[in-house]
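The values are calculated or read from the model by the stated rules, or taken from the named source; none is laboratory data. Note that the structure is a prediction, hence the values are computed from the model and not measured. Reconstructed Cβ throughout: ideal geometry from the backbone, glycine too, with neighbour counts over all protein chains shown.
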Amino acid sequence: MVLSAFVAMVLALALIWDAARGGGIVALATGAASHGTGAGVVAFLQDVSGF
């Protein structure tokens, strides 16, 4: 049981490492932030009001 938990942790870290290295995490973050894509002041205010 401990071995399977350790293997699962290592695999999860490997997937996160691969996504970070390939730019997947940055692409997701940029897509989620509408104010970062140059959508204008209205989109920025909508983002801010959402928080």
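Summary table below
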read-out	value
Matching option when the condition is assigned to a helix (DSSP H, G or I), surrounded by 12 or more Cβ atoms within 10 Å (Cβ to Cβ), at pLDDT 80 or above and not hydroxyl-bearing (S, T, Y), among A27, A19	A19
Subset of segment 30-45 that is among the hydrophobic types (A, V, I, L, M, F, W, C) and within 12 Å of the chain's Cα centre (by Cα) - its residue that is modelled with the lowest pLDDT	A33
Pair list, Cβ under 9 Å, 6 or more apart: segment 16-35 residue free of Cβ contacts under 8 Å to residues at least 12 places away in the same chain, other residue part of a helix (DSSP H, G or I) and acidic (D, E)	G24/D18
